[in-house]
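See below for the structure under consideration.
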Amino acid sequence: MIGTVLCYVLLPAVRLLQALRDAFSTCQKNVLLAKSPSTQIEGVFAATTGRSVPEEQEALLQQWLEEVGNLPTSESVPAASKISVTLTSAWLEGSELLMTSLSDLNTSPEVTQCADQQLLELNTLASSELQDHAVAELARLPAEETVTVAGSAPWAAGVPQTDHQTAGCDGLNVEVLNDDPAVLSWSLACDAETVPPVLPARPIQDAVPFYPVPTEVPYHEILWRDWEDLSVQPCVLEQVSENTSLFEFRVMSYNILAQDLVEQGLDLYVHCHPDILSWNYRLPNLLQEIQHWDPDVLCLQEVQENHYWEQLEPTFKEMGFACFYKRRTGMKTDGCAVCYKHSRFQLISLSPVEYFRPGLDILNRDNVGLVLLLQPVLPEDLDLKAVSPLCVANTHVLFNPRRGDIKLAQVALLLAEIDKIARTTEGGYYPVILCGDLNSVPNSPLYKFIRNGELCYHGMPAWKVSGQEDFSQQLYPRKLLAPLWPSSLGVTDKCQYVTLCQPKKLGRREYSRDFLLQFRFCEVACERPPQLVLLEGVTDAKPVASAREHSVVTAVLKTHDSLSFLGKQCLFVCRCSGVIQHGLNLTSVYSHFLPHRGRPEVTTMPMGLGATVDYIFYSAEPVESKAGECGCRLYKDGALKLLGRLSLLSEDVLLMANGLPNPFCSSDHLCLLASFGLEISSL
C-alpha cells in the first residue's frame with residue numbers, strides 16, 4: 001500500500017526531471033554542433049548519454065569556449081563574461097544535483113516496481129515532448145541569439161544584461177520616464193495617449209496598501225482637479241453690485257517637500273520609486289505646476305535654503321515675482337517663502353516671525369512664519385479709485401502630534417504679528433489671507449480657534465489640539481494649563497502685543513497720594529457726597545479743620561486701593577481662565593468635504609493615510625445669528641470676496657495614483673489655489 005502511494009506521488013517528479021535532463025543534454029549538443037566539428041561532439045555526447053558528471057560538464061563548457069575563441073570574428077557569438085560562465089555552471093550543477101537526488105529514489109525498494117512499470121511510458125514521453133519542452137525552457141532566457149543548425153530547430157544562447165544605467169532600477173525604462181508628461185509639460189492639455197511609466201507599488205507596513213495605476217489611464221486623468229467658479233453663486237452675486245469693481249488675484253499655498261527632509265525620512269516614501277524622489281526630477285514638475293496655475297501670490301513651505309537661492313528665486317524672478325524667504329532657526333535647512341508679482345502688488349511692510357524663544361518650553365521649536373502687507377496696483381485707467389491693502393501671512397507649524405501646546409502658542413504668536421501688521425488707524429483690520437501647513441485637521445481645537453476666534457484650552461490634552469492622532473489610551477498625557485505662556489512673552493490672551501493694546505483714555509490719571517493732597521483744603525473735599533458709603537470712623541463724622549484733610553484723603557485712597565485690587569483680580573482671572581481669543585474673523589477657503597464623492601478632502605497622504613493639514617484662511621464678516629449645532633461661527637464675504645478655488649482630491653483617488661509623491665505630483669502635499677476679489681472704491 002505504501003509503495004503504491006509513493007509511486008503516485010513521485011511519478012510526476014520523475015517524469016519532469018527525466019525530461020529536463022534529456023532537454024539539457026540535447027540543448028548542449030545542438031549548441032556545440034553549431035560551433036565545433038561534428039565528430040568531436042558526437043563522441044563527447046556518446047560518452048555522456050547516461051548520467052552526467054560535473055567534471056564532464058566543465059570539460060564540455062571549456063571545450064565550447066575554446067572552440068568559440070578559435071572561430072573567426074564574423075562567425076563567433078559575443079563572448080560570455082565570467083558572470084555568464086558562473087551562472088551557467090551553477091545552473092547545470094543545480095539541475096544535476098536535483099536530478100541526482102531524485103534518481104537515487106529509483107533504487108529504493110518501495111518505488112523500484114513502480115518505476116519499472118512506467119519505464120516504457122517515460123521513454124515515450126521523452127521522445128514525443130522533448131524538443132518542444134527544451135524550446136520552451138530556452139525561450140525564457142532574457143537575451144537571445146539564434147543559432148541555426150542544419151536539420152535542427154533554432155536554439156537561443158543567453159547573454160546576460162550588464163547595462164549599469166538600468167541596474168537596480170526595478171525595470172524602469174529611462175527613456176519612457178523622460179517622455180513622461182510630468183517631466184516634459186505639466187499642462188493638462190497633453191496628449192491623452194501619452195502614458196507615464198507604471199512604477200511598482202511597494203508594500204507599507206501598518207498602512208493602507210497602494211494600488212498601481214493601470215497602464216491605460218494617464219496620471220493627469222486620475223489626478224484631474226476641477227476649477228470651482230464661486231462668483232456665479234447667488235450669495236456672491238447679491239454682495240457684488242453691478243457698479244462694484246473688483247481687484248481680482250490668485251493665491252497659492254504649497255508645501256513643496258524639502259529634499260533634505262526626503263533623504264532624512266525615506267521610510268515615509270518606500271512606495272515611491274527612487275527616481276521620482278530626486279530633486280532633479282521634482283523641480284521641473286513643481287515649477288511647471290506653479291507656472292500652469294499662474295498665481296499672483298505664492299506661499300511656499302519646506303523650501304530648502306540652497307535650492308531657494310540657487311534655483312527657485314532666480315526662476316521666480318524671471319516669472320515676474322518678488323520673493324522673500326525666512327529659514328527656520330537653529331540648524332534647520334528649510335523655511336517659508338512668500339512671492340508676489342510686482343506688477344500686481346507693492347510691498348508696504350515685511351515682518352518675519354520666529355517662534356523660538358530661549359528659556360520657554362512652550363516655544364522651544366524652530367518653526368517660522370512671514371507676514372507681509374501688500375498694496376494692490378490698480379490699472380492706469382483707475383486713477384481716481386482706491387483699494388485696501390492686503391495682509392498675507394505664511395507659516396509652517398510644528399508637526400509633533402503630541403505637542404499641541406506648542407502649536408497653539410506658535411499660532412498665537414503669528415496672530416499677534418498679523419494683528420500688528422493688519423491693524424488700521426481706526427482700530428479695524430485690513431483684509432487678511434493666512435496660508436500654511438498647520439499640521440492640524442479640520443474641526444480640531446486649533447482649527448476652531450482660528451475660525452471661531454476663541455478656544456477654552458485649560459485641562460485639554462495636548463495631543464487633542466491638532467487632532468492628528470488619538471493618544472487617549474496614554475496614561476498620563478500632557479495637559480494644557482492656564483496661563484499657556486508667561487506674561488514675559490508680551491502677548492495677551494487676545495493674541496495681541498501688550499505694547500500695542502488700546503491706550504488708556506485721555507485725561508485719566510493715576511490717583512497717587514501726592515495728587516490727592518493737592519485738594520486737602522478745597523470746598524468739595526469738605527462736603528460729603530450723597531453716594532459715599534457710610535464707614536464708621538471714616539465718613540460718619542463731620543469734617544473739621546484738623547481732621548478734614550485726613551478723613552477725605554483716607555477715604556479716597558481706600559476707594560482707589562479697592563478699585564485697583566479689583567482690577568488686578570479681574571486681570572488675574574482673565575489670564576487664568578484658560579481662554580484665548582483673537583478678533584481677525586477668519587474662515588476657510590475650502591469646505592473640507594467633497595459632496596459629489598461623499599468623501600473628505602485630502603491635502604497630504606503620509607504613509608498612505610489621507611489628511612487635511614494645509615489651509616487658506618481669509619477675512620470675512622461674521623453673520624449675526626445663532627451658532628449651529630457644531631458651534632461654528634457663520635461668515636459672509638466682506639471687502640475680500642472668494643471668487644473660486646481649485647478642487648481637492650479624496651483619499652481613494654490618490655490611492656489609485658500610488659499616493660504622494662508620484663510621477664505627476666512631485667510633493668507629498670497638494671497645492672491649494674484660490675481666487676479673490678478686493679472691492680475698489682472711489683477716492
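The values are calculated or read from the model by the stated rules, or taken from the named source; none is laboratory data. Fair warning: this is a prediction, and the values are worked out from it, not measured in the lab. Note that we place each Cβ from the backbone using ideal geometry, even for glycine, and neighbour counts take in every protein chain shown. Calculation scope for accessible area: heavy atoms of the full protein, side chains included, ligands and nucleic acids excluded. Shrake-Rupley method; radii C 1.70, N 1.55, O 1.52, S 1.80 Å.
Each of T333, P295, H273 was placed along the dipole of region 267-401 (beta-carbon charges, centred on the mean Cα), and the one lying farthest toward the positive end is T333. Say the cut-off is 24 Å between C-alpha atoms; which of K326/K494; K407/K448; K332/K464; K464/K494 go over it? Long pairs (Cα-Cα over 24 Å): K326/K494; K332/K464. Residue-normalised convex hull volume from the C-alpha trace of region 379-487: 127 Å³ per residue. If you plug the beta carbon distance of D267 and Q581 into 1/(1 + (r/R0)^6) with R0 = 25 Å, you get a FRET efficiency near 0.05. At R0 = 30 Å, how high is the FRET efficiency between E305 and S487 if r is their beta carbon distance? Nearest 0.05 is fine. After rounding, the FRET efficiency stands at 0.30. With the simple model of a label 7 Å out from the Cα in the direction of the Cβ, S591 to L378 spans 3.5 nm. Around the amide H of L455, modelled in the peptide plane, lie the amide H atoms of I580, all under 5 Å away and 5 or more residues distant in sequence or on another chain. FRET efficiency for the pair D366 and V232, taken as 1/(1 + (r/R0)^6) with r the Cβ-Cβ distance and R0 = 56 Å, rounds to 0.80. Oblate is the label for region 289-442. Its Cα gyration tensor axes, ordered a ≥ b ≥ c, give a/c of at least 1.5 and b/c at or above a/b.
Spacing of the modelled spin labels on M319 and E221, each 7 Å from Cα toward Cβ, amounts to 2.8 nm. Find the relative contact order for region 636-683 and round it to a whole percent, using C-alpha pairs within less than 8 Å whose residues are 6+ positions apart. Relative contact order here is 56 percent. Amide hydrogen proximity for G644: with H placed 1.01 Å from N in the peptide plane, the residues at 5 or more positions away or on another chain lying under 5 Å are L230, S675. For region 595-683, with all protein chains in place and a probe radius of 1.4 Å, 54% of the accessible heavy-atom surface sits on carbon or sulfur.
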